[in-house]
Amino acid sequence: MCRNNSIALLVCLMLVLAGCQQQMADQPSDKPLAADNFFPNAQSARPLEGDTVSQDQAIGDDPLYTGKANGQSVTALPFPVTQAILIRGQQRYNIYCVLCHDTVGTGEGIVVQRGYTQPPSFHTDRLRTAPVGHLFDVIANGYGKMPSYAKQLAVQDRWDIVAYIRALQLSQDVSLQDTPANVQLQLQREPQ
């Protein structure tokens, strides 16, 4: 008897649960600016305010937003590099880039050590001589296995990272003659 009651209860519970569905996909909706009587102008939504720009939409062919001028990657940063820009670039690099590219940009980050596809080193001739606009474009739009970081990084942060990458590249390719005289003397005195 108890077994029959359990089976009957289970069947009733299954029927009740089968009837509980969220019909979110069937909710009424309108296409933007379609005809509707909700607003006085008989449209389903309000028109966009003037000068409204989508978050995903670049503003013209402005190199600041695209990294390109006349369809070509720009070769110089669109602003002077300051210490504050390099500090911000390092902060953003350490948050978003170091996992794959590691702290000095050799492409041996922690996720690579765990099996993720290794990115190229920033210290190869190809990337050392790549225009800064190319680096900006890769951050904004992704390349190969690297996803786009446009949603995570504001335009200025992308440029700050590019400036920091250039500083990393310079730091790893310095000759003794490029260092200040006092540093040269100190290096010559230190035992090898």
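A few notes on this one:
- Pair list, Cβ < 6 Å and 6+ apart or interchain, from region 168-192 residues that are under 22 Å from Leu86 (Cα atoms) to residues that are in a helix (DSSP H, G or I): Gln169/Arg128
- Here Tyr65 fulfils each of the conditions (1) surrounded by 10 or more Cβ atoms within 10 Å (Cβ to Cβ); (2) in a loop (DSSP other than H, G, I, E, B); (3) of a type outside the set (A, V, I, L, M, F, W, C); (4) at pLDDT 75 or above apart from (2).
- Spans of helices (runs of 4 or more DSSP H) in region 102-188 with at least 2 residues in contact with a Lys or Arg (Cβ under 9 Å, 6 or more places away or on another chain), buried (at least 18 other Cβ atoms within 10 Å of the Cβ) and not β-branched (Val, Ile, Thr): 132-141, 155-171
- Hey, His134 closer than 23 Å to Asp62 by Cβ and of a type outside the set (Asp, Glu) or not: yes
- Inside region 68-101, residues that are among the β-branched types (Val, Ile, Thr) and assigned to a helix (DSSP H, G or I) make up a count of 4.
- Test: residue in region 157-167 that is out of contact with any Phe, Trp or Tyr (no Cβ under 9 Å at 6 or more places or on another chain) and farther than 18 Å from Thr106 by Cα: no
The values are calculated or read from the model by the stated rules, or taken from the named source; none is laboratory data. Owing to the predicted nature of the structure, the values given are computational and were not obtained by experimental measurement. Here the Cβ is made from the backbone with ideal geometry for all residues, glycine too, and neighbour counts use every protein chain on show.
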